[in-house]
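Any read-out appearing in this document is the output of simple, stated calculations on the displayed coordinates, not a laboratory observation. Everything numeric in this text was worked out from a predicted model, so none of it was measured. For neighbour counting, all protein chains shown are included, and Cβ atoms are generated from backbone atoms with ideal geometry for every residue, glycine included.
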Amino acid sequence: MAEANKYDLSGQGGIQVWTNLPDGVKITLLNGAHGEVIANPHDGGFILVKFDEFPTDPSRVGTQGYVFFNEVRSAQD
C-alpha cells in the first residue's frame, strides 16, 4: 500500500500549501473532526470539506462546511 502524502501546513510556506490543496485530501481539525476536501477556490481563505467524523457535534457527520486555515491540524492524501 502506498504511503500517504502529508502536506506541511507549518511555517511561512504553509499558507501556500493550503491554497493549493487538491480535492480529495483528508484533513484533521484542531477539534478532532476529520473530513475530505471537496472544493478549494485556491484563494487561501477557506476550503469546503465533507465531514467523516465530528466528535464535538455528531450531527455534522456527512455534512459539508467551510474550514479556515487556522482550524486545521494536518492534511494528507
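Each of Thr56 and Asn70 was given a label point 7 Å from its Cα along the Cα-to-Cβ line. The distance between the two points is 1.4 nm. The GNM of the chain, with springs linking C-alpha atoms under 10 angstrom apart, assigns the highest mean-square fluctuation among Gly32, Gly11, Gly62 to Gly11.
You can think of it this way: the chain between Leu30 and Ala4 has 7.4 nm of extra reach, that is 0.36 nm per residue less the Cα-Cα gap.
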